[in-house]
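The values are calculated or read from the model by the stated rules, or taken from the named source; none is laboratory data. All of these numbers come straight from a predicted model, not from anything done at the bench. Cβ sites come from the backbone with ideal geometry, for glycine too, and all protein chains shown count toward neighbours. The accessibility values were calculated without ligands, DNA or RNA, using every heavy atom of the protein model including side chains. Shrake-Rupley method; radii C 1.70, N 1.55, O 1.52, S 1.80 Å.
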Amino acid sequence: MPTNCAAAGCATTYNKHINISFHRFPLDPKRRKEWIRLVRRKNFVPGKHTFLCSKHFEASCFDLTGQTRRLKMDAVPTIFDFCTHIKSVKLKSKNLLKKNNSCAPSGPSNLKSNLNTQQVLLEHSYAFRNPMEAKRRIIKLEKEIASLKRKMKTCLQKERRATRRWIQATCLVKNLEANNILPKGTSEHILPTALSSLPLEDFKILEGKQQDKTLAVT
C-alpha cells in the first residue's frame, strides 16, 4: 500500500477518502528510465514500493473505461513542481526513447536567452511585452482605421461630384452641338475620343444614374 508520492516537492500521502491514485514505476526498462528522468531526482532508484500520485499525470494519460482508474501503457508523468517560485512545469515527451537535454542552464546562458528574447522583440514589432501595451496599440490602430475610413468616404464623395459635373458638361456640349449652337465636331475637339463617340442618350442615362446615387447617399 503506498504511503506517499516519490516526486520531489510533492507532499501527497495516501488517503482513501481523497480521489488521488498512486502508480508504481513501470517494469519495462525503457519506460522506467523515462519516468526516472522526468522525476529529476539525483541518484534516484525507485524500488518495488515507489509510487507517483495521479497529480503528475495529465487527464489523457488515464484509462477510465473500467471501474478502476488505470494508466495507459504509454503514459508518462509530465506535471511537476521543481522550484518554489514556479507553480508548475510541464515536460512533454512525445517519444519515450528520445533523449532530452539536462536541466535548464543558469548564469551566462540565462543572460544569452534574455538577449535573444529582446532581439526577437526588436525584430518583430508585433510582439508585445505585456497585455496593456498590446491594448494601447490596438486602440491606436482602431483610431487610424476610423480616420482612413473618413478620408476614403470624402474621396468617394468628391469623385462622385466630379463625375457628375463631367457628365453634365458633356451633355451640355452635345446638346449645343445637336441644336447647332456649337459647330459640328466641337465635342471631338474638347472631349476625349472615347466620350465624344458616345451618343447623347447614353450620357443622359449616366446622368440619371449619378443623380440616383446622390439621392441614395443623402
Keeping every protein chain present and rolling a 1.4 Å probe, give me the accessible area per residue for the stretch 131-196 in Å². 79 Å²
For the stretch 1-81, build the convex hull from the C-alpha positions and give me its volume per residue in Å³. 101 Å³
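Tell me the net charge near L71. Cut-off is 10 Å between Cβ atoms, L71 excluded, with +1 for each Lys or Arg and -1 for each Asp or Glu.
Values: positive: R24, R69, R70, K72; negative: D63, D74.
Local net charge: +2.
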Carbon plus sulfur fraction of accessible area for the stretch 131-196, probe 1.4 Å, in percent: 61 percent
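Taking every pair of distinct Cα atoms and averaging 1/r, then inverting, what Kirkwood hydrodynamic radius in Å comes out for the stretch 131-196?
Details: mean 1/r = 0.0647 Å⁻¹.
Averaging 1/r across every pair of different Cα atoms and inverting gives 15.4 Å.
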